[in-house]
1. Can we say Thr103 is free of Cβ contacts under 8 Å to residues at least 40 places away in the same chain and either closer than 25 Å to Ile325 by Cβ or open to solvent by 70 Å² or more (accessible area, probe 1.4 Å) (or both)?
2. Mind checking whether some residue in the stretch 159-171 is touching a strand residue (DSSP E or B) at 6+ places or on another chain (Cβ under 6 Å), among the aromatic types (Phe, Trp, Tyr), farther than 27 Å from Gln232 by Cα and at pLDDT 95 or above?
3. Given the criterion open to solvent by less than 30 Å² (accessible area, probe 1.4 Å) and of a type outside the set (Val, Ile, Thr), identify the matching residue among Leu330, Leu308.
4. Residue under question is His240, and the condition is that it be over 22 Å from His280 (Cβ atoms) and either open to solvent by less than 20 Å² (accessible area, probe 1.4 Å) or out of contact with any helix residue (DSSP H, G or I) (no Cβ under 9 Å at 6 or more places or on another chain) (or both); does it hold?
5. Name, by its number, the condition in (1) open to solvent by 60 Å² or more (accessible area, probe 1.4 Å); (2) modelled with pLDDT under 85; (3) not charged (D, E, K, R) that does not hold for Thr65.
6. For Ala91, indicate whether it is closer than 22 Å to Pro155 by Cβ and in contact (Cβ under 8 Å) with a residue 60 or more places away in the chain.
7. Keeping to the stretch 278-287, report how many residues are open to solvent by 30 Å² or more (accessible area, probe 1.4 Å) and touching a residue at least 40 places away in the same chain (Cβ under 8 Å).
8. Do you know which residues across the stretch 311-327 are open to solvent by 30 Å² or more (accessible area, probe 1.4 Å) and closer than 30 Å to Thr65 by Cβ?
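The values are calculated or read from the model by the stated rules, or taken from the named source; none is laboratory data. Since the structure is predicted, the reported quantities are computational estimates derived from the model, not experimental observations. Here the Cβ is made from the backbone with ideal geometry for all residues, glycine too, and neighbour counts use every protein chain on show. Keep in mind that these areas ignore ligands, DNA and RNA; they rest on the heavy atoms of the full protein, side chains included. Shrake-Rupley method; radii C 1.70, N 1.55, O 1.52, S 1.80 Å.
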Amino acid sequence: MSKKLSINDIANELHVAKSTVSFILNGKAKEKRISDELTEKVLKFVEEKGYKPNHLAKSLSTGKTKMICLMVEKISDYFFSHIAFHLEALAYKNGYKIIYCSTENDPEKTRQLITLLRARHVDGYIITPPAGVEPEIKALINDNLPVVLFDRFLPTVPTDYVGLDNYKGTFDATEVLIKTAAKKIALFTLGSVQTQMEERQSGYLAALKKHDLKPLIFKIPFENDTETTIKQSIQFINEHTDLDAIIFATNYLALSGIKAINEAGLSIPGDISIIAFDDHDVFNIYNPSISAIAQPLDEMAKQLFKTLLDKLENKVRLKDLTRVIIQPELILRGSTKTSLN
């Protein structure tokens, strides 16, 4: 097996300085005023010899691995997987690679993942944090590692944050349902103190208060499996026979809720109008199609990556925090009545 070519070998073979070769291979020839002729000579040589850089050595010398972490609640979830898809494309375009991992909303698992990733010298973090990991997030920040939280934030930890205007999303959705003469509107949400869930509940409550209507909130344990959620939803629906409409605080709650409504022998939107928070590809397949409060996934990913990249490339000081709030889009489809009763 032939010896792997090093920068030192290239420099010796071409009789140029090692630093010159390094600058050329790192795209800094123009910046360092290296001639086009010499640049072309070096690049042609490394192409012919099949030179591959030693990324570990490079990371040790630069302090950068060009790797970032995307740590989410569940990477298989529609919302998170689509964010990951957009982020990966942006990262690749800018010379970065992404490590994905799921916390399952478990603080202990999150702590272990952060410890593992720190040992791998990941450059920066994009995280949807569970409650209880505040010390770990603070430790990352104190060690000058860029951290961008998204989807939800930790109130006691000042960080960069990219998220949706969750309050407006549910406020506007509730207003639409009220305009169709719905009086008994339920919110199916998670039994969670996560900030995005609290914001969605607050928007719902504010709209009802504006119209002097009483709230009806059904909190579903995060730990539920799908079948348990469906059974509990059927029981709730059967106990509240005067329900006009339901807002689901997540798309997966909506998927379970639709099954529950069908099994309860009710029709959508004839008996119950529904709107889901977070759109989903399958919502267009249902008959009727499902109204949704959509998050602009592409825009959110762009803002996430820009916020992190600005810190990684020292365009923004680590201590200068950015908070980006993206506006939702209410997409009305067949599951919501569009005229007054």
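1. yes
2. The answer is yes; a qualifying residue exists.
3. None of the others qualify; the one that does is Leu308.
4. yes
5. It is condition (1) that Thr65 fails.
6. no
7. Of the residues in the stretch 278-287, 6 are open to solvent by 30 Å² or more (accessible area, probe 1.4 Å) and touching a residue at least 40 places away in the same chain (Cβ under 8 Å).
8. If the condition is that a residue be open to solvent by 30 Å² or more (accessible area, probe 1.4 Å) and closer than 30 Å to Thr65 by Cβ, then Glu313, Asn314, Lys315, Val316, Arg317, Leu318, Lys319, Asp320, Leu321, Thr322, Arg323 are the ones that fit.
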